[in-house]
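Read the figures in this text as sums done on the coordinates, not as results from a lab. These figures come from a predicted structure and were not determined experimentally. Note that we place each Cβ from the backbone using ideal geometry, even for glycine, and neighbour counts take in every protein chain shown.
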There are 2 protein chains.
Amino acid sequence: MPTQSPRPESNQEQLDEQAWLAAYDPRAFAPVAVTVDVVALTLRQDELHVLLVERAAPPYRGCWALPGGFVRAGQEDLDQAAARELAEETGVDTAALRRVHLEQLGSYGSPQRDPRMHVISVAYLAFAPDLPAPRPGTDAAAAAWVPVSSLDLAVGPHRGGPGGHTHHPVRPGGLAFDHAAILAAALDRARAKIEYTPLATAFLGGEFTISDLRAVYEEIWGEKLHPGNFHRKVLSVPGFVEGTGRTTAHGGSRGGPRARLYHRGDARLLHPALLRPDREEEIR
Amino acid sequence: MPTQSPRPESNQEQLDEQAWLAAYDPRAFAPVAVTVDVVALTLRQDELHVLLVERAAPPYRGCWALPGGFVRAGQEDLDQAAARELAEETGVDTAALRRVHLEQLGSYGSPQRDPRMHVISVAYLAFAPDLPAPRPGTDAAAAAWVPVSSLDLAVGPHRGGPGGHTHHPVRPGGLAFDHAAILAAALDRARAKIEYTPLATAFLGGEFTISDLRAVYEEIWGEKLHPGNFHRKVLSVPGFVEGTGRTTAHGGSRGGPRARLYHRGDARLLHPALLRPDREEEIR
DNA sequence: TCAATAGTGTCTCTAAGACAGTATGTG
DNA sequence: CACATACTGTCTTAGAGACACTATTGA
C-alpha cells in the first residue's frame, strides 16, 4: 500500500479551488473501508441479550459477530447507516425503529482487525424494548438474541477501548474480529448511561411499573437494589417517570398488590442521578 | 449488509477462506476516505485556547480548521494517527506528547461534509499543558493557539453531535467543514469529563496549587467557584491530588500567603465527583 | 393463612454550599 | 496599613442507604 497520501502542496498555489476539485482523484488514496457495527441490547425475560449474526462468509465464517456492514459511500451518514443495518438484521420496520435508542459508541481502527484490509468500524449502541426474533439478513447464516452472560468477553490480545490493537484469531465461544472488545465497551457505556439519563426506560414498553424499571437496573448493573429506596428515588427525580393513573391488572405472580403504571417523562438527564452503589475498586 | 459492496455470497460455498482472501479486491468498494481531526485544548494565561491551522489548500483554503489528516491505511490505528497529526501540527516531540491526554471524541460522516468526496472523520480530544507556539505542518499556511471565546460556535445548519449533516459554505469567522460542531462537542465533553475524572490536572504542569486547579475548572465551566469550598472538596477526594511538601516561592501578585504545591494523584475517577453547580436548564 | 410485593416513614451519615474567621503574604 | 489570598471551622440542607412498617394481592 502507498505510504503517503498524495500531497497537492507542490502545485497548490497554481490551482484555484474549482480546478483542484476537478483534478482530485480519491482513488489515489490507499484504500480504507468503513463499516458500522451495532451493539443492540434488549431484555428478554429479565435477562440482557445482544443481537448477533452468524457470519455466512469469510473471514470468521461460522462465527458470531455484531450485525453491521459497509457504509454506503456518498449516500448516507453514519447514524443512517447504523439504523439501516439494525433494521436489515432485525427485520424491524422504520416505525418500530423509532422506539429504539441509537447512539454512537466509538470507532475501532486497528489495521489488523480485519484480515482483508484496513477496515475502520464505527460502533453504535442500541437500547431496544423486547423485539421480535430477528430474521437473518442477506449475508448472515443466522441472527439471534443471545444472552450476554453466555458470551466470552475476555478480550485477550484485543485490549478494550477505541483505537485499535493487534489481530488475533478467533477463540472458541468468542466473537469475530474485535467485537468482544466492542461489546465490552458497549456494556460499560450502558452501565454508565443509565446513571445519568432515563435511558433504562428504552428497554421497557410504553407502560411499566417501578419494579420493571428496577429489574432493568439490576440486570445491567448486575446487582440487587433495595426496592424501597429505589422506588422513592425514582419518583423523586423530576421528569424521569410520569404516572398514568392506571395499575397492573393483577398482582405479581407470587402475590402482592397491583403496581402503579408509569411512562417515560420528559427529562433528558436525571437530577439527582441514580448512582451505582460502591465502586471503589474502579477508581484507580 | 451492503448492497453496493462486492458480494461473494453467490460463490462463497466454493471458496475457502484462503482463496477468498486472495481474490478480494478492496478497490471494488465505493471510495471513502478517513481522517482524524484533533481538538487540542490548552490554557494560556488562564484562557482556554484551541489549536487551529489555516488551510493552505482547497477546500476551505484560507479558513481556520482543526488539525488533522488522512489515516495512513494499513500502517496505523486511530489513536496513533491522532497522536501523529497532533505532533506534526504542533512540532511537539514524542516525549512531550506523553504529557498530553488524548481520547477519542466521536466520528462524523455526513456525505456532504467535505466537497471532495465522502470523508469520515474520527475526532479526538486532547488536553495539554501550556505548549510552545505551534509551527505549521506541511499542508497548513499557519498554526496557532486560538482563544475559544473568539470563535463563532453557532454551528448553523451543522447541528452538533456525531452522525453527520448537511454541508454548508463557510461563514466569516467560522471554521472549515463541520469543525465548529466538532469543537462544540469537544467542549461539552471536556466540561463533563473534569467532573468525574482528574483530567483538569492535564492542563497544568507537574506542580500546581489548588488555586491553579480552580482556575482550570472556572475557565472550562465558565463560572466562578467558591474558593474555600473548592479547596476542601479537592482535598477530600482520595487520589485526586497529592501534596509535595513544597509551596510557591512567593505569594500571589496581589498578596496572600504562599500556597502549597500538589501534583496529580493516582485516582482515575473522582469519588465523590466535583459536580457542576446547578444546571437545571440542561435537564430537558 | 402465609408469603411476596408495593409503597411509605424514619433515622443516620455523607457531602455540598453558605458564611465566617484566621494567618500570611504584596503593594 | 490596606487588601487579597490560603486555608479552616461551622451551620444548614439535600440526598443516599439501612431498616421498619402497612396494605394488598396470589397461592
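Taking the average, over residues, of other Cβ atoms within 10 Å as the packing measure, peptides B:48-56, A:137-145 rank B:48-56, A:137-145 from highest down.
The distance between label points at A:THR244 and A:GLN112 comes to 5.3 nm (points 7 Å beyond Cα on the Cα→Cβ vector).
With a 10 Å cut-off around each Cβ of B:119-126, the average count of Cβ atoms from other chains is 3. Annotation: the range A:28-193 has a Kirkwood hydrodynamic radius of 15.9 angstrom, from the mean reciprocal C-alpha pair distance.
Cβ crowding within 10 Å, taken as a proxy for footprinting-reagent exposure, orders A:THR94, B:THR247, B:THR209 from fewest neighbours to most as A:THR94, B:THR247, B:THR209.
On a C-alpha basis, how far is the centre of the range B:186-225 from the centre of the range B:125-144 in Å? Whole number, if you could? Between the Cα centres of the range B:186-225 and the range B:125-144 lies a distance of 21 Å.
Count Lys and Arg as plus one, Asp and Glu as minus one, and take only other residues whose Cβ is under 11 Å from that of B:ALA186; the net charge is then 0.
Using DSSP to define loop residues, name the chymotrypsin sites (Phe, Trp or Tyr not before Pro) in the range A:192-246 whose beta-carbon has at most 13 other beta-carbon atoms within 10 Å. Mind dumping the intermediate values first?
Working: sites: A:TYR196, A:PHE203, A:PHE208, A:TYR217, A:TRP221, A:PHE230, A:PHE240; in loops: A:PHE240.
Qualifying residues, ordered by number: none.
If you take all other residues with their beta carbon under 14 Å from the beta carbon of A:GLU89, and give Lys and Arg +1 and Asp and Glu -1, the sum is -3.
For B:ALA123, nonlocal amide neighbours, meaning residues 5 or more places apart or on other chains whose placed amide H falls under 5 Å from its own, are B:ASP37, B:LEU105, B:GLY106, B:SER107, B:TYR108. Take each residue of peptide A:109-116, count the partner chain Cβ atoms within 10 Å of its Cβ, and average: the result is 5. Legend: mean number of C-beta atoms from other chains within 10 angstrom of residue C-beta atoms, peptide A:98-108, equals 4.
From the mean inverse distance of alpha carbon pairs (Kirkwood) and the Cα radius of gyration, derive Rg over Rh for the range A:197-282.
Numbers: Rg = 13.2 Å, Rh = 13.7 Å.
Across the range A:197-282, the Cα-based Rg/Rh ratio is 0.97.
Electrostatic tally near A:ASP46: other residues with Cβ closer than 11 Å to its Cβ, Lys and Arg +1, Asp and Glu -1, net -3. Using the Cβ-Cβ distance between B:ARG99 and A:ASP152 with R0 set to 35 Å, the FRET efficiency works out to roughly 0.40.
Would you please give the FRET efficiency between B:GLU218 and B:HIS263, computed as 1/(1 + (r/R0)^6) with r the Cβ-Cβ distance and R0 = 25 Å, to the nearest 0.05? Step by step, r from the Cβ atoms, then E = 0.75.
Placing a pseudo-label 7 Å from each Cα along the Cα-to-Cβ vector at B:ALA142 and B:GLN75 gives an inter-label distance of 3.0 nm. Determine, from the Cβ-Cβ distance of B:HIS226 and B:HIS271 and an R0 of 25 Å, the FRET efficiency 1/(1 + (r/R0)^6), rounded to the nearest 0.05. My answer for the efficiency is 0.75.
A protection proxy built from the mean count of other Cβ atoms within 10 Å ranks the segments A:258-265, B:100-107, most packed first, as B:100-107, A:258-265.
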